[in-house]
Amino acid sequence: REKDDKYKTWMPKFLMAKEDKDQRKSSDDVERNIFKVKKSNAEKSKKMEKEEKIFRETFMYDKEINVINTVTAERSVPSKRRVDLPVTAGEQLDVIDVTEGNAVICRNSGGRYGYVLVEHLNFR
């Protein structure tokens with residue numbers, strides 16, 4: 001017992017309710033987590049911004065980007081034109097805008113935008 005006491009560091013104890021201590025700890029943790037940004041997330045957001053800028057220039061799209069629906073690609077389709085989005089079977093896509101005809105503007109998980117034919121998509 002004496003050995004344990006010898007190596008313990010003495011800390012002052014303040015008169016504070018246990019609930020207050022718990023709330024203080026949790027709020028500190030939340031504040032600290034806000035400022036922690038992983039490099040991969042920062043790089044990913046920069047890439048997404050770059051892809052969005054390219055999309056707006058290529059498609060002359062000046063509207064706000066809103067996700068209308070989330071769809072799944074039924075089959076893999078390579079892109080034939082620069083504005084087409086290559087998709088793989090089972091890939092999740094966000095539908096951004098509906099166009100005239102049988103194509104929709106989609107965004108993949110990598111942040112790339114492009115046209116995808118409706119016949120290749122599964123709307124659930």
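Some points to look at:
- For Asp84, residues with placed amide H under 5 Å, excluding near neighbours: Tyr115
- Residues Tyr115, Tyr61 ordered from highest to lowest accessible area at a 1.4 Å probe: Tyr115, Tyr61.
- Listed residues Asp94, Asp62 arranged by accessible area, highest first, probe 1.4 Å: Asp62, Asp94
- ³J(HN,Hα), Karplus 6.51/-1.76/1.60, whole Hz, each residue of the range 76-81, x for Gly, Pro: 7, 9, x, 7, 9, 10
- The candidates Thr72, Thr58, arranged from most to least accessible area with a 1.4 Å probe in the full protein assembly, appear as Thr58, Thr72.
- Counting charges near Asp97 (Lys, Arg +1; Asp, Glu -1) among other residues having Cβ under 14 Å from its Cβ returns a value of -2.
- The accessible surface of the range 37-122, taken with every protein chain in place and a 1.4 Å probe, is 49 percent carbon and sulfur.
- Taking all protein chains into account, the per residue accessible area for the range 37-122 stands at 68 Å² (1.4 Å probe).
- Accessible surface of Phe123, taken over heavy atoms with a 1.4 Å probe and every protein chain present, rounds to 90 Å².
- The range 115-124 - phi-based ³J(HN,Hα) in whole Hz, Karplus 6.51/-1.76/1.60, Gly and Pro as x: 7, 9, 5, 4, 5, 8, 10, 10, 8, 10
The values are calculated or read from the model by the stated rules, or taken from the named source; none is laboratory data. All figures in this text were calculated on a predicted structure; none of them were measured in a lab. Counting neighbours? That spans all protein chains shown, and the Cβs are built from the backbone with ideal geometry, glycine included. These accessible areas exclude ligands, DNA and RNA; they are computed on the full protein's heavy atoms, side chains included. Shrake-Rupley method; radii C 1.70, N 1.55, O 1.52, S 1.80 Å.
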